[in-house]
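Asker: Can you keep this structure in mind? I'll have questions shortly.
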Amino acid sequence: MIFGKFFGAIRAQLNKLANFFWEADPIAQMQYEYDLAVEQLKEGRLGLEQYRALVERVSRQVKDGENQIAKLTAQAKAYLKAGDRETAGSFALQLTKAKATLEENRQQLVMHETAYNNNLKKIQHANKKLVEVKDKIQKYDADLKMSSAEAEVAKLTQSLNLDVTTDFGQLEDVIQRKIDANRGKARVAADLSTEGIDRIHAEERMEKSMADDALKDLEIELGMRAPETTPVAAQVKDLGPAEEATERKQSEKQTEKA
């Protein structure tokens, strides 16, 4: 009883192991079973060839028997016509045995021919099934690989979904934050670049004005330009109300004298 349980446990583990390999690569298992069936079919075909040789031998015996019977029949008739009944009787006895042997061989031939044809049909059917199995193995193999590829593509599509809950989504968020930070730095740098630009422009204008005045003074010094006089209108503008009245009276007197 203990040994029975022991061997039962071993068989269970072996069966478990066999199921593991069976399910690990079913296509390989199908191919293995197919190869075994092909080998069995080859052996069956070899046996069928040997059996056909037996059928051919029995068929030849039947033909030989038929030829022997025809020959014995002709000899018996000849001796009967010749009046030699004793010799004719001897051939008649051989003819009877030959007919019995021929009948037995004919029965054997029918039996062997029937058996051969049945086995031939079985092998032809098995060969047809093997072709179908081979096609199924190829189809299953392609379908299995295709379904596996589809599963991987579906998994990859899910992982490539740019959702915040996925790795790619989180990485995209990190990249976007870096881009925003870089753009922020660039904007700050651009804003800071305009600081003091008005003062710079004013200094540039002042320097330009000073350069113009220096150039004018140089031209006057070199005699290339007459000194500029201040217009009366410009001086009048700088006078007060009393000075304007006095200046107006002097102008009127000058006009009268003229």
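The values are calculated or read from the model by the stated rules, or taken from the named source; none is laboratory data. Given the structure is predicted, the values throughout are model-derived calculations rather than measurements. Please note: Cβ atoms are built from the backbone with ideal geometry, for glycine as well, and neighbour counts cover all protein chains shown.
Asker: On the given criteria, is Ala186 over 60 Å from the mean Cα position of the chain (by Cα), at pLDDT 70 or above and either in a helix (DSSP H, G or I) or surrounded by fewer than 10 Cβ atoms within 10 Å (Cβ to Cβ) (or both)?
Answerer: So Ala186 fails the test.
Asker: Report yes if Leu130 is over 31 Å from the mean Cα position of the chain (by Cα) and either modelled with pLDDT of 80 or more or of a type in the set (Phe, Trp, Tyr) (or both), otherwise no.
Answerer: Criteria not met by Leu130.
Asker: A further question on this structure: Just checking, which of Ala92, Ala154 is out of contact with any Asp or Glu (no Cβ under 7 Å at 6 or more places or on another chain), in a helix (DSSP H, G or I) and modelled with pLDDT under 85?
Answerer: After ruling out the rest, the residue left standing is Ala154.
Asker: Let me ask another. Select from the range 100-121 the residues that are charged (D, E, K, R) and surrounded by fewer than 13 Cβ atoms within 10 Å (Cβ to Cβ) and write down the one among them that is modelled with the lowest pLDDT.
Answerer: This residue is Lys121.
Asker: Restricting the range 84-99 to residues that are of a type outside the set (A, V, I, L, M, F, W, C) and within 23 Å of Arg57 (Cβ to Cβ), which is surrounded by the fewest Cβ atoms within 10 Å (Cβ to Cβ)?
Answerer: Lys97
Asker: Got at least one residue in the range 44-65 being of a type in the set (S, T, N, Q), surrounded by 12 or more Cβ atoms within 10 Å (Cβ to Cβ), within 32 Å of the chain's Cα centre (by Cα) and modelled with pLDDT of 80 or more?
Answerer: Taking the range 44-65 and keeping what is of a type in the set (S, T, N, Q), we get 50, 59, 61.
Now restrict to residues that are surrounded by 12 or more Cβ atoms within 10 Å (Cβ to Cβ): 59, 61.
Checking the rest, the ones that are also within 32 Å of the chain's Cα centre (by Cα) come to none.
No: the range 44-65 contains no residue that is of a type in the set (S, T, N, Q), surrounded by 12 or more Cβ atoms within 10 Å (Cβ to Cβ), within 32 Å of the chain's Cα centre (by Cα) and modelled with pLDDT of 80 or more.
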